[in-house]
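Novice: Let me give you the structure first, and then I'll get to my questions.
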Amino acid sequence: MAQNVDLILTNAIVLTMDDQLHQFESGAVAVQGDSIIAVGLERDIKNSFNAMQVVDCGCKVLMPGLINAHTHVPMTLLRGLADDLRLDVWLMGYMMPVEREFVSPDFVQLGTKIACAEFIRSGVTSFADMYYFEEDVARAASEAGLRGLCAQTVLKFPTPDAESYEDSLAMARDFIKRWVGHPLIIPSVAPHAPYTCTDEILKATAQLAVEFDVPLHTHLSETALEVENMRRETGMPVIPYVKKQGLFEAKVLAAHCVHIDEGEIRTLKHLGAGVAHNPTSNLKLASGVAPVTKMLEVGLNVGIGTDGPASNNDLDMFEEVRLAALLAKNHTNDPTSLPASAALTMATRLGAQAMHMGHITGSLEAGKRADLILLDISKLHNSPRFKRDSNNIYAQIVYASKSTDVTDVMVNGKWLMRENKLLTLNEADLLKAAGEYARKIDTFLTAREQSILSKLIALGGSSEEESFEVQVKVKVSDPNPVYDGLKNPSIEIIRKRHYRQHDMYFFFEDDSQGRLRYREDDFIDEANQVTSVRGRLTLLGVQREGSFGHDILLSRSRYLAPATHSLRFYREYFKPDKELPVEKDRLRWLVAFKGEEFFINLDHLLQPDLGYYLEIKSRTWSRKDAEVKATLVEELITLLGASTQDVVTNDYTVIVDTN
Ligand SMILES: [Zn+2]
């Protein structure tokens, strides 16, 4: 006797994407509630089931929905904001400052809804996310009807949703507690990456995931630099290191894994981790190509992800699957690598398995949830059709289909798109709201870009030093009179230091912006050995508060920041119009003279080779005090055997310019 079901989808080319890659034509799928009851030939299904509703699929492909195994969905609102930049400049220079300013529950919900509309239109039914305010991602996605692995980010720095990592961890715990068991959302935790987390965070997040038996989502071995730094700091590559921290006690979904060797691939397989391959993101950020062919050979579950829409810049999985197949061929120099059927498997069943959701979705099999799409393959760009080889259909989908060929989408037994019409989201409203955010962010960044100071502050960690200083610089032809002068009994030497300074000055067309100096100080001990190195970034204003006789300057506030990034980072971030390197050997004395303290620097300019300069500086707190000190500075110049006639008005750099 025929069994009653809610729905039968008939007259379709059914691609199950199960482990035997069964196909049925003309095929049918029976759905009851949220689940698939049976998949097979139409005549068999019709004989076995009676349906309340029968939908004729019009000879379209009926297949599992695509699985986007790694993304950051709210970043749809940052799409196209900053491109063609290196990862650190893009992330630390643009994304993070904008996120600190704008990311809120409202931002996250809107961004997620836009992503969900894009997912549905392009046939994605499940996604693995990692962002801030992840509970709002979960809320918006479940309202839109999508299936998501939603992971709350934990970082060692303050984030838009938490002051400290303890706060993020507490948020992750509350979120997981509230959502575990939800029909569409699997709540999860995401230690962002080993280089943005501490060992303690890696351990704590893994324990949290184990406690609730949910997956853990992270980024591993994305760039060669990450691996290089890890090797230098810990003596091992990334995978063994995070293993040592207990990360793999949890069910891990690791995005990227571009720079891992065969031993690490085997470790991941052995520990049951899944990998998300992100071809566009890795290409766009020039991170390299993940060894996907090798991973699949070893039997690792490798899915495909778009990564965030701010680094892709879309969520189109059709593009991603095609690129994965093409890249693997180029990477192995073998056109038989990653055939279309394997690439499409990665985007469906393997992706679900990588997300530790393989028992729920990823293929059309009885018992799994009804997450499926209809794809029209009769369009001009996809014709004609060959049936000789069962693999022809996969090649048609991977190499010629477009995301816009998806006409219908069902998740958890519920239609989200019918005949190209979205049923759970209003695109016009979403686009309008996104436009409003874009205008606000544009205004914020435009204001920031107009000033070197605000760009410096946006990086975080900088402080304003209200250092009113009296200072003078004098050219000296011979350093010996300075040494002799320092022996004068009226000068008491409090301490002496020796450094080698490597400066890079950045100049900007608009002088009123000031100059930026990137300085590395090598401290040198008595034995002439470098004992420590300090990096500092200083914005030097060009404005003087005033001047006294012989161009003794009274200056100015300036902004200091520890130089936590490389010189290359700052060059790409600030985009100076001109650069000038200055290298000098500096002897610095702190002295007391007539009851006041002064710094005396004797600089030997090595690059450019400009000889010796004497610099005298004193801190001051008022203009009147400054006048007294200016007089003392003049006396010191003479005592140190230099001439007030040789005072130079500005930095070395300017002298170089005028020569
Ligand atoms: Zn990512």
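The values are calculated or read from the model by the stated rules, or taken from the named source; none is laboratory data. Computed from a prediction, not measured in an experiment: that's the story for all the values here. When we count neighbours, we look across all protein chains shown, and the Cβ atoms used for this are built from the backbone with ideal geometry, even at glycine.
Novice: Which of the residues spanning region 291-318 are more than 13 Å from the ligand (Cβ to nearest atom) and in a loop (DSSP other than H, G, I, E, B)?
Specialist: Answer for region 291-318, where residues must be more than 13 Å from the ligand (Cβ to nearest atom) and in a loop (DSSP other than H, G, I, E, B): PRO291, GLY299, LEU300, ASN313, ASP314, ASP316.
Novice: Please give the number of the condition GLN207 fails out of (1) within 19 Å of TYR131 (Cβ to Cβ); (2) at pLDDT 95 or above; (3) of a type in the set (S, T, N, Q).
Specialist: (1)
Novice: Just a yes or no: is a residue in region 86-93 among the small types (Gly, Ala, Ser) and in contact with a Pro (Cβ under 8 Å, 6 or more places away or on another chain)?
Specialist: No, because not a single residue in region 86-93 is among the small types (Gly, Ala, Ser) and in contact with a Pro (Cβ under 8 Å, 6 or more places away or on another chain).
Novice: Next question, about the same structure. Hey, which of the helices (runs of 4 or more DSSP H) in region 62-175, taking only ones fully inside, have at least 1 residues that are in contact (Cβ under 8 Å) with a residue 24 or more places away in the chain, within 29 Å of LEU344 (Cα to Cα) and within 16 Å of the ligand (Cβ to nearest atom)?
Specialist: In region 62-175, the matching helices (runs of 4 or more DSSP H) lie at 105-121, 134-144.
Novice: Turning to a different aspect of this structure: Take VAL409 and decide whether it is in a helix (DSSP H, G or I), at pLDDT 95 or above and either in contact with a helix residue (DSSP H, G or I) (Cβ under 7 Å, 6 or more places away or on another chain) or buried (at least 18 other Cβ atoms within 10 Å of the Cβ) (or both).
Specialist: Spelling it out, it is not the case that VAL409 is in a helix (DSSP H, G or I), at pLDDT 95 or above and either in contact with a helix residue (DSSP H, G or I) (Cβ under 7 Å, 6 or more places away or on another chain) or buried (at least 18 other Cβ atoms within 10 Å of the Cβ) (or both).
Novice: Of everything in region 256-284, what is surrounded by fewer than 20 Cβ atoms within 10 Å (Cβ to Cβ) and within 16 Å of the ligand (Cβ to nearest atom)? Give them in sequence order.
Specialist: Listed by number, the residues that qualify are LEU283, LYS284.
Novice: On to the next question. Please give the number of the condition LYS60 fails out of (1) of a type in the set (D, E, K, R); (2) within 21 Å of ARG322 (Cα to Cα); (3) under 26 Å from the mean Cα position of the chain (by Cα).
Specialist: (3)
Novice: I've got another one for you. Would you mind stating whether LEU253 is within 14 Å of the ligand (Cβ to nearest atom) and of a type outside the set (D, E, K, R)?
Specialist: Criteria met by LEU253.
Novice: Here are the criteria: (1) within 16 Å of the ligand (Cβ to nearest atom); (2) touching a Cys at 6+ places or on another chain (Cβ under 7 Å). Tell me which single one LEU374 does not satisfy.
Specialist: (1)
Novice: Right, next: Got at least one residue in region 183-200 being surrounded by 22 or more Cβ atoms within 10 Å (Cβ to Cβ), away from the ligand (no atom under 16 Å from the Cβ) and farther than 20 Å from ALA69 by Cβ?
Specialist: Scanning region 183-200 turns up no residue that is surrounded by 22 or more Cβ atoms within 10 Å (Cβ to Cβ), away from the ligand (no atom under 16 Å from the Cβ) and farther than 20 Å from ALA69 by Cβ.
Novice: Further question on the same structure: Where residues in region 206-221 are within 16 Å of the ligand (Cβ to nearest atom) and closer than 17 Å to THR153 by Cα, which of them is nearest to the chain's Cα centre (by Cα)?
Specialist: My answer is HIS219.
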